[in-house]
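Asker: Got a structure here, written out as structure tokens. Questions coming.
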Amino acid sequence: MMDSPQKISVTLSSALREAAETLSSNRIEQARLEAELLLAHILDVRKEDLIIHSEHELPGPQEDKFRQLVERRCRKEPLAYIVGHREFWSLEFAVNPKVLIPRPETEGVIERLLNLAEDVANEKAMRILDVGTGSGNLAIVAALEFPRARVTAVDHSVDALEMARRNALRHQVADRIEFLKMDLMREWNLPHNDLYDCILANPPYIPTRELEHLMPDVRDYEPRAALDGGSDGLACYRRIVANAFSYLKPEGHLIFEVGTDQAGPVKQSLQAHGGWDEIAILQDLSGRDRVVSTRRALG
Ligand code: GLN
């Protein structure tokens, strides 16, 4: 009788090495880091624990699971969707393919909000509106940074609103955020009795014809509705500039993220509309124009 093939025991360190090679040969840039994050996810441990226990054996079922996840990543499925979360503002947000994966550049919107709202924040309960909330990252961080603020988070997608609510519960701010379904491209149907101190948005801003040239991770997996900014990429800004005006208190702030080369045209559209003061363009860490902020004039 022939011996059944002996399975060679695999240590965490050898599994990681192999996975990193596979990922790297499939052009995943941070192959080692991603391999660690995938394995940590499967074993439900911190990434650092993998190093401490690197000579421990990886049990067969987990090894199989690890291979499957590495394969998914090689097909360019975003890591955040595979593990189900992404960090933003040093907090963990649950994500799924129904919501955009939060990006570090978007933290610039929060930084601007913190700078502008410093004076009002502690004195009174601010009213903040987040347009196109997705995973809820901007609304939730705003609620956490301003513990007396009341936030309205809107999105066209009910799936996104569900995810945002889940994240708000997890970060214990659900009682101060109301979630409403609203299509920002249509007439805004929010209650008008309560105007906002600040309106935030990271709207879809990729010109439609450029969608097909995006990295496959984004193009093939992230929700199109969260990316597509119409033929010139500026459709949502035009809508926001017009609608936000009537929902802001006089001197209220509008702060939004813009795509490459969009700060100029967005500024022009604010000027063409009129009634906006203090238009500022802010850069991200790589020096690109990334955030535009403005203030509804007093008069
Ligand atoms: N507000 C979310 C974010 O900044 C979602 C933005 C979007 O879907 N375009 O990540």
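Let's see how each residue does on (1) over 29 Å from Arg209 (Cα atoms); (2) of a type in the set (Val, Ile, Thr):
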| position | (1), (2) |
| --- | --- |
| Ala235 | no, no |
| Val241 | no, yes |
| Phe245 | yes, no |
| Leu248 | yes, no |
| Ile255 | no, yes |
| Gln271 | no, no |
| Ser293 | no, no |
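Asker: List the number of the failed condition for Glu105; all other conditions in (1) within 11 Å of the ligand (Cβ to nearest atom); (2) in contact with a Lys or Arg (Cβ under 6 Å, 6 or more places away or on another chain); (3) assigned to a loop (DSSP other than H, G, I, E, B) hold.
Answerer: Going through the list (1) within 11 Å of the ligand (Cβ to nearest atom); (2) in contact with a Lys or Arg (Cβ under 6 Å, 6 or more places away or on another chain); (3) assigned to a loop (DSSP other than H, G, I, E, B), Glu105 breaks only (3).
Asker: Among the residues of the stretch 11-57, write down those that are part of a loop (DSSP other than H, G, I, E, B) and over 30 Å from the mean Cα position of the chain (by Cα).
Answerer: Of everything in the stretch 11-57, those that are part of a loop (DSSP other than H, G, I, E, B) and over 30 Å from the mean Cα position of the chain (by Cα) turn out to be His53, Ser54, Glu55, His56.
Asker: Go through (1) more than 16 Å from Leu190 (Cβ to Cβ); (2) acidic (Asp, Glu); (3) within 12 Å of the ligand (Cβ to nearest atom) one by one and return the number of the condition Asp130 breaks.
Answerer: Result: Asp130 passes all but (1).
Asker: Regarding Glu55, is this residue charged (D, E, K, R) and in contact with a strand residue (DSSP E or B) (Cβ under 7 Å, 6 or more places away or on another chain)?
Answerer: yes
Asker: Quick one: how many residues across the stretch 75-102 are surrounded by 16 or more Cβ atoms within 10 Å (Cβ to Cβ) and not in a strand (DSSP E or B)?
Answerer: 16
Asker: Still on this structure: Among the residues of the stretch 145-162, count how many are under 16 Å from the mean Cα position of the chain (by Cα) and more than 10 Å from the ligand (Cβ to nearest atom).
Answerer: Within the stretch 145-162, residues that are under 16 Å from the mean Cα position of the chain (by Cα) and more than 10 Å from the ligand (Cβ to nearest atom) number 4.
Asker: Here is a further query. Would it be correct to say that Arg148 is buried (at least 18 other Cβ atoms within 10 Å of the Cβ), within 21 Å of Ile255 (Cα to Cα), in contact (Cβ under 8 Å) with a residue 12 or more places away in the chain and basic (Lys, Arg)?
Answerer: No, not satisfied.
Asker: Look through Asp194, Asp175, Asp183 and report the one residue that is surrounded by fewer than 17 Cβ atoms within 10 Å (Cβ to Cβ), over 22 Å from Pro265 (Cα atoms) and in contact with a His (Cβ under 6 Å, 6 or more places away or on another chain).
Answerer: Checking each option against the conditions leaves just Asp183.
Asker: Looking only at the stretch 215-226, how many residues end up being assigned to a helix (DSSP H, G or I) and within 16 Å of the ligand (Cβ to nearest atom)?
Answerer: Summing the residues that are assigned to a helix (DSSP H, G or I) and within 16 Å of the ligand (Cβ to nearest atom) in the stretch 215-226 gives 6.
Asker: Starting from the stretch 112-133, keep only residues that are at pLDDT 85 or above and part of a loop (DSSP other than H, G, I, E, B), then list their pairs with residues that are exposed (fewer than 13 other Cβ atoms within 10 Å of the Cβ) and of a type outside the set (Asp, Glu) whose Cβ atoms are within a distance under 7 Å, requiring at least 6 positions of separation or different chains.
Answerer: Cβ pairs passing all conditions: Ala125/Arg148.
Asker: May I ask you to list the residues in the stretch 215-267 that are of a type in the set (Ser, Thr, Tyr), modelled with pLDDT under 95 and closer than 21 Å to Gln283 by Cα?
Answerer: Scanning the stretch 215-267 gives a single hit, Thr260.
Asker: Could you list all residues from the stretch 227-286 that are in contact with a Ser or Thr (Cβ under 7 Å, 6 or more places away or on another chain), within 15 Å of the ligand (Cβ to nearest atom) and part of a helix (DSSP H, G or I)?
Answerer: Tyr237
Asker: Next up: Identify all residues within the stretch 182-213 that are over 24 Å from Glu111 (Cβ atoms), within 14 Å of the ligand (Cβ to nearest atom) and in contact with a strand residue (DSSP E or B) (Cβ under 7 Å, 6 or more places away or on another chain); write none if there are none.
Answerer: Met182, Leu211
Asker: Further, regarding this structure: State whether one or more residues within the stretch 74-83 are away from the ligand (no atom under 14 Å from the Cβ), charged (D, E, K, R) and either closer than 27 Å to Glu278 by Cβ or without any contact (Cβ under 8 Å) to a residue 40 or more places away in the chain (or both).
Answerer: yes
Asker: Could you check, for the stretch 206-214, whether at least one of its residues is at pLDDT 95 or above, touching a helix residue (DSSP H, G or I) at 6+ places or on another chain (Cβ under 7 Å) and either closer than 29 Å to Lys124 by Cα or part of a loop (DSSP other than H, G, I, E, B) (or both)?
Answerer: no
Asker: Additional query: Using the structure shown, decide if Ile42 is at pLDDT 95 or above and under 25 Å from Ala164 (Cα atoms).
Answerer: Judged against the criteria, Ile42 is a match.
The values are calculated or read from the model by the stated rules, or taken from the named source; none is laboratory data. Note that the coordinates shown come from a computational prediction; the quantities given were computed from them, not determined experimentally. With ideal geometry, Cβ positions are generated from the backbone for all residues, glycine too; neighbour counts draw on all protein chains shown.
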